[in-house]
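The values are calculated or read from the model by the stated rules, or taken from the named source; none is laboratory data. On a predicted model such as this, the values are computed, not experimentally measured, just so you know. Don't worry about glycine lacking a Cβ; one is built from the backbone with ideal geometry, like all the others, and counts go over all protein chains shown. The accessibility values were calculated without ligands, DNA or RNA, using every heavy atom of the protein model including side chains. Shrake-Rupley method; radii C 1.70, N 1.55, O 1.52, S 1.80 Å.
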Amino acid sequence: MPLPEAEGMSWLRLPATSDSIEKFRAFILDQAGRAGLSEERFPVLELALEELLVNVVSYAYDGKPGWIRVGCGTGRQSFQVWIEDQGKSFNPLTRAEPELNASVEERSIGGLGIHLVKTLSDGLSYRRLGDCNLLEVRFSL
Amino acid sequence: MYRNRGRGILSPLRSPALCHVKMPLRSPYCKFSRGGAVAFSVVRKTMGGNVIKTQAINEQKGTVLVVTGRMDNVTSAEFEAACDNILQKNAKVLVLDLSELTYISSAGLRSVLSVAKKFKASGGKVLICGLTKMVKDVFQISGFSGIFPIFDSREAALAAA
């Protein structure tokens, strides 16, 4: 699929299983190092990837086999990561904001992962392209 | 390098081939250290870089659980198991010492919350001390800083327990 911002990007496509998450993690950290992202930002980068990839693995394909494609590159003074899947249409950005002030007994965790990614990254966007979901997350260089 | 930081904990214990073993590798042992008796210690490594180590220390006012490494979608279960183990011994005060925790995701937050709910339901409480920068940021953004008593040191947490 041609992506306008995707010039010179590296891609990795793996089955949408939890075993793949570690492989994506190693791939993305390696690419982030090459792109010159500060290592101080690595934990936040990892957090974003874990939250987004676990979501896709858990929900995109309803338990049926599927794939995830991850692309990394630089542009707009940022390290950019794309996460693509062919599962059911789902925009995580439309989830309700979590209730942050509830007490221990009342507190639930729904939506917290996306809230963390939105807050800690420098940009998170979603597009439906054809029959694919495409998430883009950016970290300023 | 950051990406290798977590791996050093276990690399002398396991060869890469063993990383594919599905059963968690547990190495419980008993010893004594500064402050109190080390009741139980667990190290777990899964494929890749997911590493967590927990160590329970019995103090007069409660149990301190020192959590080292990462709390992610894989390792958080190990953390919850360690806390359940402490709860089963009728502990009422649990101090989570997170000064060696370098990473937490929403899966880790879910586990911390679940543990706190269980302690509260049995009339106990959970206190937290020693947040690293990443963990502090995540606690702040998720509102956890407002719902948990958080202290700079283990001593301060125990004093307030």
*Which residues, counting only those in segment A:131-141, are touching a Ser or Thr at 6+ places or on another chain (Cβ under 6 Å), over 10 Å from A:A48 (Cβ atoms) and either open to solvent by less than 40 Å² (accessible area, probe 1.4 Å) or part of a helix (DSSP H, G or I) (or both)?*
A:E136
*asked:* Being outside any loop (DSSP other than H, G, I, E, B), more than 28 Å from B:F148 (Cβ to Cβ) and open to solvent by 20 Å² or more (accessible area, probe 1.4 Å) is the requirement here; does A:R128 meet it?
replied: yes
*Taking segment A:43-94, which residues are under 19 Å from A:S121 (Cβ atoms), assigned to a loop (DSSP other than H, G, I, E, B) and charged (D, E, K, R)?*
A:R76
*Give B:G36, B:G48 a once-over and let me know the one that is surrounded by 15 or more Cβ atoms within 10 Å (Cβ to Cβ) and at pLDDT below 50.*
B:G48
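Tell me which residues, restricted to segment A:69-98, are among the charged types (D, E, K, R) and modelled with pLDDT under 90. Outline the logic, then answer.
Quick first cut of segment A:69-98, residues among the charged types (D, E, K, R) only: A:69, A:76, A:84-85, A:88, A:95, A:97.
The answer is A:R76, A:R95, A:E97.
Search segment B:67-81 for residues being away from chain A (no Cβ under 14 Å) and surrounded by fewer than 21 Cβ atoms within 10 Å (Cβ to Cβ), and hand back the single one that is nearest to the chain's Cα centre (by Cα).
In the first step, residues of segment B:67-81 are kept if they are away from chain A (no Cβ under 14 Å); the result is B:67-68, B:78-79, B:81.
If we keep only those that are surrounded by fewer than 21 Cβ atoms within 10 Å (Cβ to Cβ) as well, we get B:68, B:81.
Details: B:T68: 6, B:A81: 10 Å.
The qualifying residue nearest to the chain's Cα centre (by Cα) is B:T68.
Within segment B:82-109, work out how many residues are aliphatic (A, V, I, L, M) and within 14 Å of chain A (Cβ to nearest Cβ). Spell out the reasoning first.
Within segment B:82-109, the first condition is being aliphatic (A, V, I, L, M), and the residues that meet it are B:82, B:86-87, B:91, B:93-96, B:98, B:101, B:104, B:107, B:109.
Filter once more, so that each one left must be within 14 Å of chain A (Cβ to nearest Cβ): B:94, B:96, B:98, B:101, B:104, B:107, B:109.
Result for segment B:82-109: 7.
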_Those residues of segment A:100-123 which are surrounded by fewer than 19 Cβ atoms within 10 Å (Cβ to Cβ), touching a Lys or Arg at 6+ places or on another chain (Cβ under 7 Å) and either facing chain B (nearest Cβ under 10 Å) or among the small types (G, A, S) (or both), in sequence order_ = A:V104, A:E105, A:I109, A:G111, A:G123
*Taking the options B:V112, B:V95, name whichever one is part of a helix (DSSP H, G or I), modelled with pLDDT of 95 or more and open to solvent by less than 10 Å² (accessible area, probe 1.4 Å).*
B:V112
*Which of the residues spanning segment A:14-42 are more than 8 Å from chain B (Cβ to nearest Cβ) and either open to solvent by 60 Å² or more (accessible area, probe 1.4 Å) or in a loop (DSSP other than H, G, I, E, B) (or both)?*
A:P15, A:A16, A:T17, A:R34, A:G36, A:L37, A:S38, A:E40, A:R41
*asked:* Of everything in segment A:43-73, what is farther than 15 Å from A:E84 by Cα, more than 9 Å from chain B (Cβ to nearest Cβ) and open to solvent by less than 10 Å² (accessible area, probe 1.4 Å)? Give them in sequence order.
replied: A:L45
_B:S145 vs. criteria more than 21 Å from A:S18 (Cβ to Cβ), out of contact with any strand residue (DSSP E or B) (no Cβ under 7 Å at 6 or more places or on another chain) and within 14 Å of chain A (Cβ to nearest Cβ)_ = yes
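Just to be sure, is B:T132 touching a residue at least 40 places away in the same chain (Cβ under 8 Å) and either surrounded by fewer than 16 Cβ atoms within 10 Å (Cβ to Cβ) or within 21 Å of A:L116 (Cα to Cα) (or both)? Step through it out loud before you land on a result.
Values: touching a residue at least 40 places away in the same chain (Cβ under 8 Å): no; either surrounded by fewer than 16 Cβ atoms within 10 Å (Cβ to Cβ) or within 21 Å of A:L116 (Cα to Cα) (or both): yes.
Judged against the criteria, B:T132 is not a match.
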*Are any residues in segment B:110-161 in contact with a Lys or Arg (Cβ under 9 Å, 6 or more places away or on another chain) and among the basic types (K, R), and if so, which ones?*
B:K117, B:K125
